[in-house]
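Okay, so here's the structure we're looking at.
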Amino acid sequence: MLRRLGIRAKVLAVLAVPMIVLLAAGAFISYGAIQDLRYARATQTVVNTLDALSPLTAAFQQERILSLTGAGREEVQAARQATDQALESTREVTARIDLSEFPESVVRDFREQQDQYRTNLPLLRERVDQNAQRAVIKNAFQKVVNGQTRAMESVANSLRDRELAGYVTAN
């Protein structure tokens, strides 16, 4: 194949093959590095979201306790305001999450949890105001808590870093 070519063409052919291989290897390595960068950014956002969820969880639990123990209307209202403020702060953080890095099941659980806060929380508060049965209120609060736990476990199960996944699950 190379017999008909001149010396110059043969030298160029011999040099071109390794360069093409190096170019292909560089493209493959760069693609892997870009994927790792995207994953690292998504993981960092998950950690930031966990930090934002801590005050929300604490405020929601306080509202839950006050609602279930028959506290005064002012106390419950103050707890609701704290929950709403924490929820608003959390929404600002969760809006920055790149959901394309996670499996569809994680995205579904995450969106369902956001819907829980958007739709079921007002209904739950209405039941508390109407003095519904304690068991109904307790179950409704538990449903929201279970949704948050399920969403965090889904995120943890999708992470490649198992040490970080253990941290996410624990929180």
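Conditions tested, residue by residue: (1) modelled with pLDDT of 90 or more; (2) open to solvent by less than 90 Å² (accessible area, probe 1.4 Å); (3) part of a helix (DSSP H, G or I).
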residue: ARG4; (1), (2), (3): no, no, no
residue: ALA13; (1), (2), (3): no, yes, yes
residue: LEU22; (1), (2), (3): yes, no, yes
residue: PHE28; (1), (2), (3): yes, no, yes
residue: GLN35; (1), (2), (3): no, yes, yes
residue: ARG38; (1), (2), (3): no, no, yes
residue: THR45; (1), (2), (3): no, yes, yes
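Please specify each residue of segment 130-141 satisfying the condition of being touching a residue at least 60 places away in the same chain (Cβ under 8 Å) and farther than 14 Å from GLY70 by Cα.
Filtering segment 130-141 down to residues touching a residue at least 60 places away in the same chain (Cβ under 8 Å) leaves 134, 137-138, 141.
Matches in segment 130-141: PHE141 only.
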Just one of the numbered conditions (1) in contact with a Phe, Trp or Tyr (Cβ under 6 Å, 6 or more places away or on another chain); (2) at pLDDT below 85; (3) more than 30 Å from ARG38 (Cα to Cα) is not true of ALA151; which one? (3)
Which residue is least open to solvent (accessible area, probe 1.4 Å), if the candidates are limited to segment 154-171 and must be over 13 Å from the mean Cα position of the chain (by Cα) and either charged (D, E, K, R) or modelled with pLDDT of 75 or more (or both)? ASP161
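With ARG96, ARG127 as the choices, which residue is touching a residue at least 12 places away in the same chain (Cβ under 8 Å), more than 30 Å from GLN35 (Cβ to Cβ) and not acidic (Asp, Glu)?
Values: ARG96 fails: more than 30 Å from GLN35 (Cβ to Cβ).
Going through ARG96, ARG127 in turn, just one is touching a residue at least 12 places away in the same chain (Cβ under 8 Å), more than 30 Å from GLN35 (Cβ to Cβ) and not acidic (Asp, Glu): ARG127.
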Criterion (among the basic types (Lys, Arg) and open to solvent by less than 70 Å² (accessible area, probe 1.4 Å)) met by exactly one of ARG111, ARG91, ARG80: ARG80
Give the residues of segment 80-132 that are aliphatic (A, V, I, L, M) and either part of a loop (DSSP other than H, G, I, E, B) or over 11 Å from the mean Cα position of the chain (by Cα) (or both), sorted by residue number. ALA82, ALA86, LEU87, ALA95, ILE97, LEU121, LEU123, LEU124, VAL128, ALA132
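The values are calculated or read from the model by the stated rules, or taken from the named source; none is laboratory data. None of these values were measured; they are calculated from a predicted model. Because the Cβ atoms are built from the backbone with ideal geometry, glycine has one as well, and the counts that use them run over all protein chains shown. SASA here: full protein model, heavy atoms, side chains in, ligands and nucleic acids out. Shrake-Rupley method; radii C 1.70, N 1.55, O 1.52, S 1.80 Å.
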